[in-house]
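Below is one structure, written out as structure tokens, with a few remarks after it.
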Amino acid sequence: MKAIRLIRSRTVVLPAENVDTDQIIPARFLVTTTREGLGKALFADWRWEKDGSATPGFALNRPGAEGARVLVAGRNFGCGSSREHAVWALQAGGFEAVVSTAFADIFRGNALKNGLVPVQVDEATHARLVEAPGVEASIDVEAGVVSFGTRQAAFPLEPFARYCLLNGLDELAFLLSREREIAAFEAQAGPAPWRSS
């Protein structure tokens, strides 16, 4: 996982509410345990016609969407099944952050564990972002602030999640980084009482 401190990018706006993980990445693409090729599967049923051509007018197919790293999504983004592939597909599609007024809990957890920043903002800030697709936005992970134009808004980020994002650590990497302290604690505590001698 790479460290994320500051994201500066144009936005892509997909304001539909209750976008579930099957819309983010349809179930037929869940046959892999790697992230390879998942960018093409991102929003596949909305983004591509049956013949493989781009669906005209879909947000990710519009001029200016290419290279954008911030997706502005509708309320309750990532609901439905708990597939981690949804986060992987967003990242493979180039996104580093998703901005919404509310995220499904499991999606939010999967995002944080994989280095995708869920930016939950108030309704007024969200409305301004929806009205201005392609606006240059700045997301400061350390400060927990999203900025665009003359507007700024704070967003919540748990301290542990912030630490992991800033240092490019998933939960396993965090534990491994504390191996020396864990060994010292175990040595001081002695054998666990449930272990036989």
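Return the long-range amide H neighbours of Val99 (sequence gap of 5 or more, or a different chain), with a cut-off of under 5 Å between placed amide H atoms.
Leu71, Val72, Ala73, Val119
Project the alpha carbons of region 40-134 onto their principal axes and report the range along each, largest first, in whole Å.
The principal-axis extents, from largest down, are 36, 30, 21 Å.
Rank Val146, Ala124, Leu176 by how far each Cα sits towards the positive end of the charge dipole of the chain (+1 on Lys, Arg Cβ; -1 on Asp, Glu Cβ) and give me just the farthest.
The residue sitting most towards the positive pole is Leu176.
Arranged from highest to lowest average of other beta-carbon atoms within 10 Å per residue, in what order do the peptides 183-189, 102-108, 145-151 appear?
Peptide ranking by packing, descending: 102-108, 145-151, 183-189.
Sort 83-96, 43-56 by the packing proxy (mean of other Cβ within 10 Å over each peptide's residues), most packed first.
83-96, 43-56
Using alpha-carbon pairs under 8 Å, 6+ residues apart, how would you state the relative contact order of the chain in percent?
After rounding, I find 26 percent.
Straight-line reach from Lys50: which lysines fall under 27 Å, measuring Cα to Cα and dropping same-chain residues less than 8 apart?
Straight-distance partners of Lys50: Lys40.
Quick note: the coordinates plus some simple rules give every number you see, no bench work behind them. Quick caveat: nothing in here was measured; it's all calculated off a predicted structure. Counting neighbours? That spans all protein chains shown, and the Cβs are built from the backbone with ideal geometry, glycine included.
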